[in-house]
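Since the structure comes first, as structure tokens, the remarks are kept for the end.
The values are calculated or read from the model by the stated rules, or taken from the named source; none is laboratory data. None of these values were measured; they are calculated from a predicted model. No Cβ is skipped: glycine too gets one built from the backbone with ideal geometry, and neighbour counts run over all protein chains shown. Keep in mind that these areas ignore ligands, DNA and RNA; they rest on the heavy atoms of the full protein, side chains included. Shrake-Rupley method; radii C 1.70, N 1.55, O 1.52, S 1.80 Å.
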Amino acid sequence: MSTTPDPVATAFLAAAQAAGALRFGSFTLKSGRQSPYFFNAGAFHTGQRLAALARAYAARIAESAPGFDLLFG
């Protein structure tokens with residue numbers, strides 16, 4: 001396991017916390033289970049926040065996807 005910080009993950013987590021999407025505490029999930037964190041993707045509701053999320057997805061796709069010349073979604 002690498003101890004070098006992952007810049008993509010670090011940037012994503014910082015953006016998630018700044019957007020209020022990632023919160024830490026004590027949360028009861030719909031399943032009834034307890035969780036030390038809560039992630040609300042709905043907090044990425046502005047262009048700036050959505051762009052940060054898109055950059056993280058794009059970086060992961062670029063580094064892990066097989067070669068392609070078109071992405072449609």
Requested in this report: Do me a favour and compute the ellipsoid semi-axes for the chain from its Cα gyration tensor, root of five times each eigenvalue, largest one first, whole Å.
Outcome: 26, 16, 14
**Report entry** Accessible area expressed per residue, the chain, with surrounding protein chains retained (probe 1.4 Å, Å²)
**Finding:** 81
Report summary line: Ranked output for segments 29-42, 59-72 by mean other Cβ atoms within 10 Å, highest leading, reads 29-42, 59-72
Report summary line: Summing -39500 (n - 2.57) over every DSSP H run of at least 4 residues in the chain and dividing by its residue count gives a helix-only mean residue ellipticity at 222 nm, to the nearest 500 deg cm²/dmol, of -14000 deg cm²/dmol
Report task. Round to the nearest 10 and report in Å² the accessible area of residue 3, as given by a 1.4 Å probe over the protein chains' heavy atoms. Result -> 130
